[in-house]
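Student: Just dropping this structure here.
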Amino acid sequence: MINFVERIVDLLEKEIKDLNRDEINNLIEIPPDYTMGDYAFPGFSLAKIFRKNPALIAQDLANTLEDPCFEKIEAKGAYLNFFVNRELLAKEVIEEVKEKREDFGKVNVGENKPVIVEYSSPNIAKPFHIGHIRSTVIGDSLKRIYDFLGYDTISVNHLGDYGTQFGLMIEAYKNWGDRETVEKNPIQELVKLYVRINEEAKEQPELIDNARNWFMKLENKDEEALELWEWFRDVSLEEFGRVYDMLDVHFDSYRGESYYSDLMPAIVEELKEKDLLVDSQGAKIVDLEEYKLPPAIIIKSDGSTIYLTRDVTAAKYRKDTYDFYKNIYVVGSQQILHFNQLVAILDKMGYDWAYDCVHVPFGMVALEEGTLSTRRGNVLYLEDVLNKSVEKVQDILKAREEERGEALENRDQLAKQVGIGAVKFQELFNQRIKDYIFDWDKTLSFEGETGPYVQYTHARICSLLQRGNFNLEDDINTELLNKKEEIDILRSMYAFTDSVIDAHEKYEPYFITRYIVDLAKIFNKYYNSTTIITDDLELTKARLLLSYGIKNILSKGLELLGIEAPMKM
Ligand code: ARG
């Protein structure tokens, strides 16, 4: 499709010698409503350069500029407003619909540059709880978005599978554990053991010494310690895997913290050689004062390394292995300081790629009262939330079947697609940094700004196309698409690519979430005000093709959020 913004830059570049293309591009705005044009350029920014008042500058430019892409270039106050040629817009969009089909709007900005997206990263032998869903769902969506834009993505699950707590786990298991019980209900049992040892250690401090001993054994690859640790890891991964399957989330690598234990000594050595390690009360730290950050501990006074040490090692490993263009960490906002320290250390080590490591933080999710009924022990398990969502959708679908007196073909599958999709959609609906409250009614409603609403609109278009015997090969007359609603739709379709580009630049899938809800709304308005399958064959063909284009964008948008788009609902 023609890039209209670029056309504007071409035009202005010739007139404004003092600004380069990027500067001009950054100044172009999208007016709040279309009566002010599709794009606007503010004259204020040129007042200094031309030594003229902004309104006059806008007026002069309006008089000189000319381009068939725009039916009007008009000065309004200090703004220069550009009105895209409607016929051209329709032609461009419809051509893209026909040519690219499911890949409408796809552009290759990534050019196969390698991008690591790290997300989910739960701790083994700990519950996979509702808090993990944010990292998992946001990260998975970012990976899909980067893929779509032509990057070579690598999805990494940086498992929390290392640290002194595994000494405690082993000691607890040796005292009170039972293989069969654990195997039946791994995480729950392991958590129980962990809670118990922390409790009992208050009275029996020797448990802590034993635990420390077990961790040392683990570090020295003692057979028994290693066997138990591997078993904890395996049973945890099996349980996580169940949830990942439900979510349709997959990783290219499960290299977690333990993977880096052997590589750490070399990094510590490198830090020493570069003269970056300072003694502080027995610990070894990196001073980060010049970054206005607190000092970072690399080695604790007891000689053990920590979480941060493993992250420095992992970052270096990833650069060496993948030569990433970006290394993205989708981790909660509680760890902002940790990642600032990580980047600062890498920078201090002299790595020019330090700032290609990007922390993408997000806020907390709270649960409304009453949602807590599925708590097992003291935590809400993600798996239970997903199951509950699917169950609730089952109930909604059953009620609909009764209402309509007609059974759905694949209610079970549909309940999964809608139930899990709804939870993901809710997750991706707001700016990620915002805390939010999870609310069942809002999540599962078939109306309003929800996943089921978008899925339903998609399914509605699918059946419309079937009813109208839609054929992609039909030639259509784009001039027939000239109703106000149709022009709104074309404009909105044209903007799809921008929403994906914004989402990837700002690491915010919610640009896409909002975009597809809006598109669904615009379509439903059209559907209610316009007869699509009419007696006029030419008109019908044009309207069906437009609907087909919308359907493809809705399903692609959902796919980029990791949500399925059923054909029938
Ligand atoms: N396992 C950690 C947790 O659950 C998150 C790991 C984040 N990733 C990283 N590279 N530090 O809090």
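Student: Give just the number: which of (1) farther than 24 Å from ASN3 by Cβ; (2) crowded, with 19+ Cβ neighbours inside 10 Å does ALA503 not satisfy?
Tutor: So the condition that ALA503 fails would be (1).
Student: Does GLU227 fit the bill of being modelled with pLDDT of 95 or more and either farther than 30 Å from GLN188 by Cα or not aliphatic (A, V, I, L, M) (or both)?
Tutor: yes
Student: So for the stretch 159-169 (the condition being out of contact with any Phe, Trp or Tyr (no Cβ under 9 Å at 6 or more places or on another chain), open to solvent by less than 10 Å² (accessible area, probe 1.4 Å) and at pLDDT 95 or above), does at least one residue qualify?
Tutor: No: zero hits.
Student: Given the criteria open to solvent by 20 Å² or more (accessible area, probe 1.4 Å) and assigned to a helix (DSSP H, G or I), does LEU190 qualify?
Tutor: no
Student: Quick check on my filter: what residues within the stretch 272-286 are surrounded by 16 or more Cβ atoms within 10 Å (Cβ to Cβ) and in a loop (DSSP other than H, G, I, E, B)?
Tutor: LEU276
Student: Collect the residues in the stretch 290-305 that are open to solvent by 10 Å² or more (accessible area, probe 1.4 Å) and within 14 Å of the ligand (Cβ to nearest atom), keeping them in residue-number order.
Tutor: Listed by number, the list holds a single entry, THR305.
Student: So, one more: Restricting attention to the stretch 347-376, which residues are in a helix (DSSP H, G or I), open to solvent by 60 Å² or more (accessible area, probe 1.4 Å) and at pLDDT 95 or above?
Tutor: Matches in the stretch 347-376: TYR355 only.
Student: Could you say whether any residue in the stretch 112-129 is surrounded by fewer than 23 Cβ atoms within 10 Å (Cβ to Cβ) and either part of a helix (DSSP H, G or I) or acidic (Asp, Glu) (or both)?
Tutor: no
Student: Within the bounds of the stretch 264-271, is there any residue that is out of contact with any helix residue (DSSP H, G or I) (no Cβ under 7 Å at 6 or more places or on another chain), assigned to a helix (DSSP H, G or I), under 21 Å from SER121 (Cα atoms) and open to solvent by 20 Å² or more (accessible area, probe 1.4 Å)?
Tutor: No: the stretch 264-271 contains no residue that is out of contact with any helix residue (DSSP H, G or I) (no Cβ under 7 Å at 6 or more places or on another chain), assigned to a helix (DSSP H, G or I), under 21 Å from SER121 (Cα atoms) and open to solvent by 20 Å² or more (accessible area, probe 1.4 Å).
Student: Determine whether MET493 is open to solvent by less than 40 Å² (accessible area, probe 1.4 Å), modelled with pLDDT under 95 and out of contact with any His (no Cβ under 6 Å at 6 or more places or on another chain).
Tutor: For MET493, the condition - open to solvent by less than 40 Å² (accessible area, probe 1.4 Å), modelled with pLDDT under 95 and out of contact with any His (no Cβ under 6 Å at 6 or more places or on another chain) - is not met.
Student: If you don't mind, there's one more thing I want to ask. Sort through THR534, THR457 and tell me the only one that's out of contact with any His (no Cβ under 9 Å at 6 or more places or on another chain), β-branched (Val, Ile, Thr) and not in a loop (DSSP other than H, G, I, E, B).
Tutor: THR457
Student: How many residues does the stretch 289-311 hold that are under 30 Å from SER155 (Cβ atoms) and either assigned to a helix (DSSP H, G or I) or in contact with a strand residue (DSSP E or B) (Cβ under 9 Å, 6 or more places away or on another chain) (or both)?
Tutor: Residues flagged as under 30 Å from SER155 (Cβ atoms) and either assigned to a helix (DSSP H, G or I) or in contact with a strand residue (DSSP E or B) (Cβ under 9 Å, 6 or more places away or on another chain) (or both) within the stretch 289-311 amount to 11.
Student: Of all residues being open to solvent by 50 Å² or more (accessible area, probe 1.4 Å) and more than 10 Å from the ligand (Cβ to nearest atom) in the stretch 306-346, which is farthest from ILE116 (Cα to Cα)? Just the residue, please.
Tutor: My answer is LEU337.
Student: Select, from LYS48, LYS52, LYS106, LYS14, the only residue that is open to solvent by 50 Å² or more (accessible area, probe 1.4 Å), without any contact (Cβ under 8 Å) to a residue 12 or more places away in the chain and assigned to a loop (DSSP other than H, G, I, E, B).
Tutor: LYS52
Student: From the residues in the stretch 31-45 that are of a type outside the set (Phe, Trp, Tyr) and surrounded by 14 or more Cβ atoms within 10 Å (Cβ to Cβ), which one is farthest from the chain's Cα centre (by Cα)?
Tutor: Among those residues, the one meeting the criterion is GLY43.
The values are calculated or read from the model by the stated rules, or taken from the named source; none is laboratory data. Note that this is a predicted model, so its numbers are computed, not measured. Because the Cβ atoms are built from the backbone with ideal geometry, glycine has one as well, and the counts that use them run over all protein chains shown. Heavy atoms of the whole protein, side chains included, go into the accessibility calculation; ligands, DNA and RNA do not. Shrake-Rupley method; radii C 1.70, N 1.55, O 1.52, S 1.80 Å.
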